[in-house]
There are 2 protein chains.
Amino acid sequence: MDMASDGDLPRGIALAWGVAANPQRGPKRELSLEGIVDAAVQIADADGLGAVSMSSVATALGYTTMSLYRYVSAKDDLILLMQEAGIGLPPSSIGEAENWRDGLTRWYRTVLTVFDAHPWLLDIPVDSEPNTPNNLGWLDAGLGALADTPLAQTERVSAMLMLSGQSRWEGQILRTQASDGMPADALAELITPEQFPFLAPAIAAGSFSDGEPEAFEFGLLRILDGLELHMTELSAGRSGTVSKPDDDREFAKDENVKKAAARVKDADAKLRDARQKHREAVTKAREKSKTP
Amino acid sequence: MDMASDGDLPRGIALAWGVAANPQRGPKRELSLEGIVDAAVQIADADGLGAVSMSSVATALGYTTMSLYRYVSAKDDLILLMQEAGIGLPPSSIGEAENWRDGLTRWYRTVLTVFDAHPWLLDIPVDSEPNTPNNLGWLDAGLGALADTPLAQTERVSAMLMLSGQSRWEGQILRTQASDGMPADALAELITPEQFPFLAPAIAAGSFSDGEPEAFEFGLLRILDGLELHMTELSAGRSGTVSKPDDDREFAKDENVKKAAARVKDADAKLRDARQKHREAVTKAREKSKTP
DNA sequence: CCTTAACTGTGTACGGTCTACACATTGTTT
DNA sequence: AAACAATGTGTAGACCGTACACAGTTAAGG
């Protein structure tokens, strides 16, 4: 049973994939990787990533700090495994979307739900691309939503990369808004029209302090629109999958453009509805959890 | 001279705006905020944000650790000021763009240049929205590029928010690619078609390891396209600035859609050219700096 | 001028972080 | 039975940020 195809991957990644030559010689292990990661996740959920220390995790488990190092080679490993555990696997509902727009929208919204449940995920620095099963599972789910589109493989990956960044960004910004910390009106005095000719009017119009969820809704719609437009170009330009979209290609036929635009409008409305419902659901759930 | 309109802003922000009631009573100050921040930035440029400690900064200046606390109330303050200094003010060239697409593209590319020069900027967590002069200066520059568009004020801010996130994301990803750390071909074995039905083909097609700058080029183009399409809708729907784009509005006239699509195609080509030139310039500059 | 009060830079000390290493103990393998 | 590997533990070291007391410097108020 030579299951150890560990090669020489970074230790943490090998652990994440479950390929780790665990030994038979010593005394029985009293702890487990999962248990450690679970404990760490619980601490992070409760008090943030900053509260996760080797000491705190070990204490929560009733063991000593150094015992953890028999399961994890360094704290960075633990963090990586926490990330993997926290992000989890995408729900199957993403694959049941009717079209790619719906699919990507579900994908995006689900990611945000996860970030809302585990805000500390956003505190983990993106050192190396996390080539771990669950993270790749999310990527796979996103690519699945794009399976029936005329996008080239590279473009699909690019699209998911873009969407990942956007979701992360929204998660981070929404979190800062929750922690607040700025008088806002005190700041308005500092922003003079001379120094900020374009920003000052925007603030005067009140387009700054509030409406952040709407801002990202806007952003997502633009991204989807941009993708849709590009797809229309592609399918009009050539049949089949275009591997090199850099080539000169015929531009979209008028009908296609119109169709795309119509679909865009439709999707906009649907998305707004879905978002609204989601927001209400979240609000209701929060109220419920306050008075159990 | 009641210049101290400090109110009760967070200490760090007050410092960033230069409004800080500095005293007259004590002995002459031997250090300065700027000097401290400069030293910290130099350390971060050289050895990363992790190398910036109160001790290291103080040592670089030839003073004791605790002396810094006479200028900065906590390390977080210093970090905030470093961020502000590192991001700097946007170059005026952004305002000289011919159209909004060009303007936003310049904005985006310039931000990435800054991130390339000060990678540690991306290691600073986004705790609270940085309401500091330089950061708002970038926002102002971006809004300026959108000044002649039919976008509502809120939408302009949303667009810049989106672009900020994307630039940050690209900066982060490009950085991880530089530090590498993954065998890539060893990973290919783990990604089975059963577990990753959509990702496996993508990897087999080679659309994963390489081509990351192109991925973000793609992303930026989609965002700009999406914005453009939305503008077309807006200008066709109503005259003047629409404050509530959620209302039901007439959809774009066919001619407008076509025009937008044509402009999109045009801008794509231009952007590709510009990017190519930029890339060459960067490469040349790097070679030059290797053999001075 | 002299006192008072504010401010400076410094030194010490405390609690916290991660982890390298030596240690006795436990279990399997030879 | 002997060799050996792996376990959990305790100690210790090198950092980190910063609270606090201290002596010295400067300006303001009388």
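Of note:
- Residue that is farthest from DNA strand C (Cβ to nearest atom) [pool: residues in segment A:33-77 that are under 21 Å from the mean Cα position of the chain (by Cα) and over 23 Å from A:Asp116 (Cβ atoms)]: A:Asp77
- Residue in segment B:57-75 that is surrounded by fewer than 20 Cβ atoms within 10 Å (Cβ to Cβ) and within 27 Å of B:Leu174 (Cα to Cα) present: no
- Summed over segment B:86-108, residues that are buried (at least 17 other Cβ atoms within 10 Å of the Cβ) and charged (D, E, K, R) total 3.
For (1) out of contact with any strand residue (DSSP E or B) (no Cβ under 7 Å at 6 or more places or on another chain); (2) away from every other protein chain (no Cβ under 14 Å); (3) within 13 Å of DNA strand D (Cβ to nearest atom); (4) of a type in the set (S, T, N, Q), each residue gets a yes or a no:
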| residue | (1), (2), (3), (4) |
| --- | --- |
| B:Ala21 | yes, yes, no, no |
| B:Gly35 | yes, yes, no, no |
| B:Gly48 | yes, no, yes, no |
| B:Ser55 | yes, yes, yes, yes |
| B:Ala58 | yes, yes, yes, no |
| B:Leu68 | yes, yes, yes, no |
| B:Ser73 | yes, yes, yes, yes |
| B:Gly88 | yes, yes, no, no |
| B:Pro91 | yes, yes, no, no |
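- Residue within segment B:17-24 that is of a type in the set (S, T, N, Q) and away from DNA strand C (no atom under 16 Å from the Cβ) present: no
- Helices (runs of 4 or more DSSP H) contained in segment B:1-94 and holding at least 2 residues closer than 19 Å to B:Pro133 by Cβ and out of contact with any His (no Cβ under 7 Å at 6 or more places or on another chain): B:11-16, B:33-47, B:75-87
- A single member of A:Ala46, A:Ala40, A:Ala58, A:Ala51 is within 24 Å of A:Pro27 (Cα to Cα) and not polar (S, T, N, Q), and it is A:Ala58.
- Where a residue in segment B:53-74 is of a type in the set (Lys, Arg) and its partner, wherever it lies, is more than 6 Å from DNA strand D (Cβ to nearest atom), with Cβ under 9 Å and at least six apart: B:Arg70/B:Arg29; B:Arg70/B:Leu31
- Qualifying residues in segment B:76-85 (those that are over 19 Å from B:Leu163 (Cα atoms) and either touching a strand residue (DSSP E or B) at 6+ places or on another chain (Cβ under 9 Å) or not aliphatic (A, V, I, L, M) (or both)) - the one surrounded by the fewest Cβ atoms within 10 Å (Cβ to Cβ): B:Asp76
- Residue in segment A:242-263 that is in contact with a Gly (Cβ under 6 Å, 6 or more places away or on another chain) and either in a helix (DSSP H, G or I) or at pLDDT below 75 (or both) present: yes
- Residue count, segment B:93-126 (criterion: over 24 Å from A:Arg168 (Cβ atoms) and within 16 Å of DNA strand D (Cβ to nearest atom)): 0
The values are calculated or read from the model by the stated rules, or taken from the named source; none is laboratory data. All figures in this text were calculated on a predicted structure; none of them were measured in a lab. Glycine gets a Cβ as well: all are built from the backbone with ideal geometry, and neighbour counts include every protein chain shown.
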